[in-house]
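Here is the structure we will look at.
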Amino acid sequence: MRKVSYLIWTLSLLYFIIYATSASLRAAINQNASLSILHGGLGVIFLGGIFGFILLRLWRVFH
């Protein structure tokens, strides 16, 4: 299960790298509601993964 979670987080990271460098993808997301919802979901996964990683590291430091 952990490998699947890392894979999904890595895919969201790659998506945001492509999103940051592609003007056409940004324009498509701004014009399409379903892509905008997908973008928001991937953002939640990406930020949640970063937050979870920080919490995991803090837990390992203090326990």
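Restricting the first residue to region 43-63 and requiring it to be closer than 30 Å to ILE18 by Cα, which pairs with a second residue that is aliphatic (A, V, I, L, M) meet a Cβ separation below 7 Å and a spacing of at least six or different chains? Between residues of region 43-63 that are closer than 30 Å to ILE18 by Cα and residues that are aliphatic (A, V, I, L, M), the close pairs are ILE45/ILE8; PHE46/LEU13.
Filtered by the rule that a residue be surrounded by 10 or more Cβ atoms within 10 Å (Cβ to Cβ) and not aliphatic (A, V, I, L, M), region 1-20 gives SER5, TYR6, TRP9, THR10, SER12, TYR15, PHE16, TYR19.
Among the residues of region 21-33, is there at least one that is hydroxyl-bearing (Ser, Thr, Tyr), without any contact (Cβ under 8 Å) to a residue 60 or more places away in the chain, outside any loop (DSSP other than H, G, I, E, B) and surrounded by 10 or more Cβ atoms within 10 Å (Cβ to Cβ)?
Residues of region 21-33 hydroxyl-bearing (Ser, Thr, Tyr): 21-22, 24.
With the extra rule that they be without any contact (Cβ under 8 Å) to a residue 60 or more places away in the chain, the set shrinks to 21-22, 24.
Those left that are additionally outside any loop (DSSP other than H, G, I, E, B): 21, 24.
Okay, now just the ones that are also surrounded by 10 or more Cβ atoms within 10 Å (Cβ to Cβ), so none.
Within region 21-33, not a single residue is hydroxyl-bearing (Ser, Thr, Tyr), without any contact (Cβ under 8 Å) to a residue 60 or more places away in the chain, outside any loop (DSSP other than H, G, I, E, B) and surrounded by 10 or more Cβ atoms within 10 Å (Cβ to Cβ).
All of the numbers you see were taken from the coordinates with simple rules; none came from a lab. None of the values given here were measured: they were computed from a predicted structure. All Cβ positions, glycine included, derive from the backbone under ideal geometry; neighbour counts span all protein chains shown.
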